[in-house]
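The structure appears right after this line, and notes come after that.
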Amino acid sequence: MKKTEICSQKKTTVSVCVIASGSYGNCIFVSDDKTSILFDAGLSGIEIEKRMKSRDIHPENIDAIVVSHEHSDHIKGVGILSRRYKIPVYISSKTYESASLKLGKIDSIINFCCGSDFKINGFHIHSFPISHDAVDPSGFTIIRNGIKIAIATDLGRVTNVVKEHLKGSAVLILEANHDPDMLINGPYPWSLKQRVKGRCGHLSNFESRDLLMELEHKELSYVFLAHLSKKNNSRKKAFETVGAALSGKNVSLFVADQDKCSQMIKL
């Protein structure tokens, strides 16, 4: 190829927006302007459409919905969006079996095995197992144009598998669900407190901080703290506790909201 041709090529831009994150609904948007993907759709179809519009995202341009697990805060809007805009749904066979009644009729189901790779146009996606109380829960890494994005929420503990998959990420969407003291002294019944802090529950701020301290930060540019509990955490506590791991690093730290979209970042 001629040098002039190389110089004239336009580099692909990858965009990421956390449309919602928390116990009442989760949805993440990733796009390279040619292909757009939703990872989970746990709000109503109307609410997801409203939030996408606020970021100039057109639902008719969504090419796929990828589902992490069957809990309602991750699949509430999957069926309606799939039917309304004829969007194929990528989901593990075990998760689909568990979620099928909630999803309703979907014309295009593409099953993947947790732990496997698959492609959606130019995006290379790898699913990896996480520790959560669902039948076959997955985290994801997404690679496009050498840019790696990682999604790791709804995990009760950090395994070596999780650590390996998160390394080298430019964007990390990481759970920081609760402050341990707020959880223990909060309004939840004891059984639910045990579930949240258990091995198949959710990561605390301190566990998220410790994970970030272990990861290689060389490639990391953006961290979104996700799935914060409204009753057992605060934006300030999550930001200050987890942010300690990024002190002195050239990394932008954001707290993803339950009630509104994050800003759109472009890489």
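The values are calculated or read from the model by the stated rules, or taken from the named source; none is laboratory data. Since this is a predicted model, take the numbers as computed values, not measurements. FYI the Cβ positions are ideal-geometry reconstructions off the backbone, even for glycines, and counts take in every protein chain you see.
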- Query: With respect to ASP154, is the statement that it is part of a loop (DSSP other than H, G, I, E, B), closer than 21 Å to THR95 by Cβ, acidic (Asp, Glu) and within 14 Å of the chain's Cα centre (by Cα) true?
  - Reply: yes
- Query: What do you reckon, is VAL162 farther than 19 Å from SER21 by Cα, touching a helix residue (DSSP H, G or I) at 6+ places or on another chain (Cβ under 7 Å) and hydrophobic (A, V, I, L, M, F, W, C)?
  - Reply: no
- Message: Against the definition (aromatic (Phe, Trp, Tyr), touching a Leu at 6+ places or on another chain (Cβ under 9 Å) and modelled with pLDDT of 95 or more), how does PHE239 come out, yes or no?
- Response: yes
- Can you pull out the helices (runs of 4 or more DSSP H) entirely within segment 188-267 that have at least 1 residues that are in contact (Cβ under 8 Å) with a residue 60 or more places away in the chain and either touching a Lys or Arg at 6+ places or on another chain (Cβ under 7 Å) or closer than 30 Å to ASP32 by Cα (or both)? 235-243
- Which numbered condition SER127 fails, given (1) buried (at least 22 other Cβ atoms within 10 Å of the Cβ); (2) in contact (Cβ under 8 Å) with a residue 60 or more places away in the chain; (3) farther than 17 Å from ILE265 by Cβ: (2)
- Task: List every residue pair whose Cβ atoms lie under 6 Å apart, where the two residues are 6 or more positions apart in sequence or sit on different chains, the first residue falls within segment 163-174 and is in contact (Cβ under 8 Å) with a residue 60 or more places away in the chain, and the second residue, located anywhere, is β-branched (Val, Ile, Thr).
- Result: ALA170/ILE147; VAL171/VAL16; VAL171/ILE149; ILE173/ILE151
